[in-house]
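J.: I am attaching a structure below and will ask some questions about it afterwards.
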Amino acid sequence: MRQDRTSGVTRILSPTAILGYGFPVRSFREGMRRRPHVIAVDAGSTDPGPYYLGAGVAFTDRIAVKRDLRMLVEAALSEKIPLVIGTAGGSGGEPHLQRDLELLLEVAHELRVHFQLAVVHAQLDNDRVLKALRLGQISELGPVPKLTEAAIGASVRIVGQMGPEPLVQALESGAEIVLAGRAYDPAVFAAVPLTRGCRRGPAVHLGKILECGAIAAAPGSGSDCLFGYLDGESFEVEPLDPERRCTVTSVAAHTLYEKSDPLLLPGPGGHLDLTQSSFEQVDAGRVRVCGSRFVPSDGYFVKLEGVEKVGYRTVSIAGCRDPFMIAAIDEIVEMVAQRALDSFDVDADQCKLSFKLYGKDGVMGRLEPSRDHVPLELGIIIEAVAQTQQLADMLCSYARSTMLHCSYPGRVATGGNLAFPYSPSDLPAGEVYRFSIYHLMAVKDPCELFPIDHMEV
């Protein structure tokens, strides 16, 4: 496959881990010299948490996304190959999809180009999900609570994670560029291979490797390109920066990325069975993977992601280097929290005051195994979450001032025991959301939840 230019090999260019993360122009041009059949890119993730889905805003920068889009659109149209984009706007809901559609149309106007566009929607109506629940079509995905009608009603936004089928439908309808809402990460890479008759197992597994760009290389980077070659039962991947290499370890490691089972990787319509997969170092920078199989599930299930609003947040960031205060920090935190809640007679179920202690257990929390370590200094984040921004501001302010002047054994000064890097010290952070739906919905047709709008741009 190394020098292949025949129709038997499908060539895929993944420019970056997420649209807007950028990529070196040199790497991208090297990828285009390999004459890809498609440029495919993921544009989002749930990694930044539930806020962006709930608030309807993108976590990717508008200017950065437009820069990436401009290069991708120009290259795809000039070479007459499809451009497929999934999880638009970071979360793939309707506001996110519309943000990236607006940018795409701006780019098209500036480049003065003409193309057929398919926009694939992924946001679901709450009543549609409620109906499915009542029909017994929704099940839990992992250790999550059983979905209730109340949770659906409280959800401010729900998306379904599409598989490759709606993207294939859009391509087969004549789309030159496909812009899709929330999508299974490998789906955008597998779509064109599936239209060319490639087997789903290798196509999806290759998509799993390509989804984060050159992160699957060594040294890895989410802001660089990766190239894939798909042929029959196997595929190969290589980076496009001469300073990077794909190794058996780097590619196999990315296969396990974000997965709980190293051999069975579930996704829309079934799972990847990697029990017979092999990884081979073809040359210094390229790896071949063989034997990946796709096993269809008994029925087709779409993953649902929904979020509900829980209040507003205010935070205060401080540092402490007083050894006496550090020694008593657990008792201080407990006292400050209790005094704040008692002083304002607020419901502990409606208001939450928490403290993250970096240098002690700020990352691991209660799971921190090193309990005997005495830190030299602490980074302290005081966080208040309440039903209104004003109440969150008040709780955070009270907790901050109480901690600043609290008494503890060995205290030397009555003030100044906390150091604040910012003024103002209290930072209102706005709305807070949490995931309320992380479930599976059974569907008869993989495309039924994902309507497609076709337009001539």
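FYI, it's all coordinate maths here, none of it is from the lab. As the structure is a prediction and not an experimental result, all values here were calculated from the model. Every residue, glycine among them, receives a Cβ derived from its backbone with ideal geometry; neighbour counts consider all protein chains shown.
J.: For each of ILE317, ILE382, count neighbouring Cβ atoms within 10 Å of the residue's Cβ, then give the residues from fewest to most.
T.: Ascending Cβ contact count within 10 Å gives the list ILE317, ILE382.
J.: Moving on to the next point. What is region 180-223 by shape, rounded, prolate or oblate, if you read a ≥ b ≥ c off the alpha carbon gyration tensor as root eigenvalues and call it rounded for a/c under 1.5, prolate for a/b larger than b/c, and oblate otherwise?
T.: oblate
J.: Separate question: Which Cα, out of ALA216, VAL204, GLY8, lies furthest along the positive dipole direction of the chain (beta carbon charges, K/R +1, D/E -1)?
T.: Farthest along the dipole direction, towards plus: GLY8.
J.: What number of lysine-lysine pairs in the chain show an alpha-carbon separation below 23 angstrom, given a sequence spacing of 8 or more or placement on distinct chains?
T.: Lysine pair count for the chain: 16.
J.: I've got another one for you. Could you point to the label whose value was computed as volume of the Cα convex hull per residue in Å³ for the structure here, given (1) 167; (2) 145; (3) 230?
T.: (1)
J.: What is the magnitude of the charge dipole of region 322-418 about its Cα centre, with +1 placed on the Cβ of each Lys and Arg, -1 on the Cβ of each Asp and Glu, and no other charges, expressed in debye to the nearest 20?
T.: Its charge dipole is roughly 200 debye.
J.: Identify, among PRO145, SER401, VAL178, the residue whose Cα sits farthest towards the positive end of the charge dipole of the chain, taking +1 on the Cβ of Lys and Arg and -1 on the Cβ of Asp and Glu, with the dipole about the Cα centre.
T.: After comparing all options, I get VAL178.
J.: On to the next question. Could you tell me whether region 310-457 comes out rounded, prolate or oblate from its Cα gyration tensor? Rule is a ≥ b ≥ c as square roots of the eigenvalues, rounded for a/c under 1.5, then prolate if a/b exceeds b/c, otherwise oblate.
T.: Verdict is prolate for region 310-457.
J.: Return MET325, MET455, MET335 ranked ascending by Cβ neighbour count within 10 Å, so the fewest neighbours appear first.
T.: The order, fewest Cβ neighbours first, is MET455, MET335, MET325.
J.: At a 10 Å Cβ-Cβ cut-off, how would you order ARG112, ARG62, fewest neighbours first?
T.: Going from sparsest to densest Cβ surroundings: ARG112, ARG62.
J.: Please report the spacing between the Cα centers of region 360-409 and region 180-201 in Å, no decimals.
T.: Comparing the Cα centres of region 360-409 and region 180-201, I get a distance of 46 Å.
J.: With a cap of 15 neighbouring Cβ atoms within 10 Å, and only residues DSSP puts in a loop, list the trypsin sites (Lys or Arg not before Pro) found in region 385-457.
T.: Within region 385-457, the qualifying trypsin sites (Lys or Arg not before Pro) (loop, at most 15 other Cβ atoms within 10 Å) are ARG411, LYS444.
J.: Under unit Cβ charges (Lys, Arg +1; Asp, Glu -1), what dipole magnitude, rounded to 20 debye, does the chain have relative to its Cα centre?
T.: About 860 debye.
J.: Okay, next question. Between region 267-338 and region 22-81, what is the C-alpha centre distance in whole Å?
T.: For region 267-338 versus region 22-81, the Cα centre distance is 23 Å.
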